[in-house]
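Each remark here refers to the structure printed beneath this line.
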Amino acid sequence: MGRMRVLLLDAAPGELLDRELERLLGHGLAVTLNLRRVTDPAGVRAAWAGRVAFADFDAFDESVLVAETVRDGLGYHALKSRAGVPLRAAFLAAATGPAVASRLRVIGRAGAGTDHVDLAAADRHGVAVTHTPGSNANAVAEFALAQLLALTRNLAAHNEAAHDGRWSTPAAPAAELSELTLGIAGLGRIGSALAGRAAALGMAVQGFSRRPAPADPVVRQVASLKSLLATSDVVSVHLPLTEQTRGVIGRAELALMRPGAILLNTARGEIVDEQALADALRDPTHPLAAAAVDTFAHEHAAFASPLSGVPDALLTPHIAGMTRHAMAEAALRCADHIAALLTGHPHGIPLATP
């Protein structure tokens, strides 16, 4: 039997790509690299020719992804994704069907969360789904703090005014962080990392968790999400996207927030109703004053959001976890997970279940 075949849907950026490829090859895997999102595809081809195979296609187009997977009847034993390419039932059926010699066995996500995969379909077809929870916890926590500081001090507006040649001073003095209560929705690895950093800056911190969370001396736990929204000056969302959390913060929940409150979302776009959030920010009588959003229901080439152009909305393209350390940790750990699962050593590997 030949080497196990792995398809990298979206490569790690920059010099990290070399480390990722070396790690996969070191596990004895046959790697096919999709060049579509590679910055220097010609250079990568020249550097890795003879060691890895290449493809060039839009992985976000399901029909194209399926066609690439079944091309020449070869298929792939494993697939690695970084940017959350949707992997739905039609793809999983094709990738595990009789038309391919190498039946898909593993999907690896270099990052936290597996909501991009139809887990029920993966389970039906015998495909293990793994990810790297915690690999970007510090990076996302730092980014949420950056969002918080940018909004509380209105940095974007002052920057714009200065570039326009205007000397802009605040209409009213800003609150210091020590005057504010931070509410964290979701006390997993990222939420806990943010809590420690915010407390170190003097903020009062409270949190809501869907599951019992370990006691944390810096976090006062509240009983419900509604209570968190109603009693926090800033709310930072760190929940996973599930059927239970999809749209869990909508019009009614936003209306509960304190006057002048701020909402931060670095989790998943579909947790917060984007249209309701946009309407709230446009309404001068609404208690919500500002929001920072890093994740959206539609991203990448399909990006579109009702928040675009809305005043007091700080929007960024899902970059909270993109630090050198976080991305290296995720890429290399994901490579190790894929190799372990392909060789029948699942012990200690985080697996998603439907």
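For this structure, a couple of remarks:
- Longest site-free stretch - the chain; sites: GluC sites (Glu not before Pro), DSSP loop, at most 16 other Cβ within 10 Å: 16-175
- Gyration tensor verdict on segment 282-336 (Cα atoms; rounded if a/c is under 1.5, prolate if a/b is larger than b/c, oblate otherwise): prolate
- Between His345 and Ala223, the distance separating the two model label sites (each 7 Å from Cα on the Cα→Cβ line) works out to 4.9 nm.
- For the chain, accessible area per residue (1.4 Å probe, heavy atoms of protein chains only), Å²: 46 Å²
- Helix 324-342 axis, angle to the chain major axis (alpha carbon atoms, nearest 10°): 40 degrees
- Whole-number D in µm² s⁻¹ for segment 32-136, Kirkwood Cα-pair radius fed into Stokes-Einstein, 20 °C, 1.002 mPa s: 149 µm²/s
- Efficiency of FRET between Ala157 and Phe303 - r from beta-carbon atoms, R0 30 angstrom, step 0.05: 0.80
- Three-way shape label, segment 111-217, alpha-carbon gyration tensor, a/c 1.5: oblate
- On Cα atoms only, tilt of 16-26 relative to the major axis of the chain in degrees: 40 degrees
- Rg(Cα)/(2.2 N^0.38 Å) for the chain, N = residue count: 1.07
- A straight chain from Glu179 to Arg210 at 0.36 nm per residue would run longer than the Cα-Cα distance by 8.4 nm.
- Distance (nanometres) between label positions extended 7 Å along Cα→Cβ at Asp123 and Arg251: 3.5 nm
- At most 16 other Cβ within 10 Å, DSSP loop - trypsin sites (Lys or Arg not before Pro), segment 111-177: Arg153, Arg166
- For segment 229-354, the fraction of C-alpha pairs farther apart than 18 angstrom is 60 percent.
- Summing Cβ point charges (Lys, Arg +1; Asp, Glu -1) relative to the Cα centre of the chain gives a dipole of roughly 940 debye.
The values are calculated or read from the model by the stated rules, or taken from the named source; none is laboratory data. Keep in mind it's a predicted model, so treat the numbers as computed, not measured. Please note: Cβ atoms are built from the backbone with ideal geometry, for glycine as well, and neighbour counts cover all protein chains shown. All accessible areas refer to the heavy atoms of the entire protein, side chains included, with ligands and DNA or RNA removed. Shrake-Rupley method; radii C 1.70, N 1.55, O 1.52, S 1.80 Å.
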